[in-house]
1. Residues in the range 94-132 that are small (Gly, Ala, Ser) and loosely packed, with under 13 Cβ neighbours inside 10 Å: how many?
2. When residue 22 is evaluated against the numbered criteria (1) surrounded by 15 or more Cβ atoms within 10 Å (Cβ to Cβ); (2) in contact with a Gly (Cβ under 8 Å, 6 or more places away or on another chain); (3) over 18 Å from residue 141 (Cβ atoms), which criterion, by number, is the only one it fails?
3. For the range 74-105, which positions are part of a loop (DSSP other than H, G, I, E, B), under 19 Å from the mean Cα position of the chain (by Cα) and closer than 30 Å to residue 123 by Cβ?
4. Considering only residues that are surrounded by 13 or more Cβ atoms within 10 Å (Cβ to Cβ) and under 22 Å from residue 117 (Cβ atoms), which ones fall in the range 140-150?
5. Report yes if residue 14 is of a type in the set (Gly, Ala, Ser) and over 16 Å from the mean Cα position of the chain (by Cα), otherwise no.
6. Sort out which residues of the range 24-73 are among the β-branched types (Val, Ile, Thr), in a loop (DSSP other than H, G, I, E, B) and either within 14 Å of the chain's Cα centre (by Cα) or at pLDDT 90 or above (or both), and write them in order of number.
7. Has the range 32-39 got at least one residue that is aromatic (Phe, Trp, Tyr) and surrounded by 20 or more Cβ atoms within 10 Å (Cβ to Cβ)?
Amino acid sequence: MVVFSGDLDKAIASFIIATGAASMGKEVTMFFTFWGLNILRDPAIHVSKSGMARLFGWMMPKGADKLHISKMNLAGMGTSMIKRIMKQKQVDSLRQLMQRAKEMGVTFVACSMSMDIMGIRREELLPDVEVAGVASYLAEAEEGNLNLFI
């Protein structure tokens, strides 16, 4: 599965699909590229950067808890509303979905080219995230029987 979007609702959908497939015994690899890399950023890690990398880092959300929904964000109110509704309906938070996916053996792969373009360094990512290029993703996709782009 390619996770291109860094929107909260699309990230949640990605992890629900991934955990659903893993619960069916499927091997799941999530390949995070461009804005999707923000999902994997560790908010506790601070890395010194300069130039454009510093600007990108400042502008982008740092981790799953800082993502916004894609529609009706309304200066953050939409994001707060969807998180509250999810909690009321006993739907796991994005952070919990990510943890569950890891526990189920889902592999998280960060795109090395996108990391380079966006100024994201390996040490900024959550532990247990692999870093690989497009060729690795294509090899995984070729072995699988389903490929999703979110």
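1. Initial filter on the range 94-132 (small (Gly, Ala, Ser)): 101, 105, 110, 112, 114, 119, 132.
Restricting the remaining residues to those that are loosely packed, with under 13 Cβ neighbours inside 10 Å gives 105.
Going through the range 94-132 one residue at a time, the tally reaches 1.
2. Tallying (1) surrounded by 15 or more Cβ atoms within 10 Å (Cβ to Cβ); (2) in contact with a Gly (Cβ under 8 Å, 6 or more places away or on another chain); (3) over 18 Å from residue 141 (Cβ atoms), residue 22 fails exactly one: (3).
3. Matches in the range 74-105: 92, 93, 104, 105.
4. Selection gives 140, 141, 150.
5. Details: of a type in the set (Gly, Ala, Ser): yes; over 16 Å from the mean Cα position of the chain (by Cα): no.
So residue 14 does not fit the description; no.
6. Going residue by residue through the range 24-73, those that are among the β-branched types (Val, Ile, Thr) are 28-29, 33, 39, 45, 47, 69.
After this cut, where a residue has to be in a loop (DSSP other than H, G, I, E, B) as well, the list is 28, 33, 45, 47, 69.
Across the range 24-73, the qualifying residues are 28, 33, 69.
7. Just the residues of the range 32-39 that are aromatic (Phe, Trp, Tyr), to begin with: 32, 34-35.
Adding the requirement that they be surrounded by 20 or more Cβ atoms within 10 Å (Cβ to Cβ) leaves 32.
There is at least one residue in the range 32-39 that is aromatic (Phe, Trp, Tyr) and surrounded by 20 or more Cβ atoms within 10 Å (Cβ to Cβ).
The values are calculated or read from the model by the stated rules, or taken from the named source; none is laboratory data. Since the model is a prediction, treat every value here as computed from it, not as a measurement. As a convention, Cβ positions derive from the backbone with ideal geometry for all residues, glycine included, and neighbour counts pool all protein chains shown.
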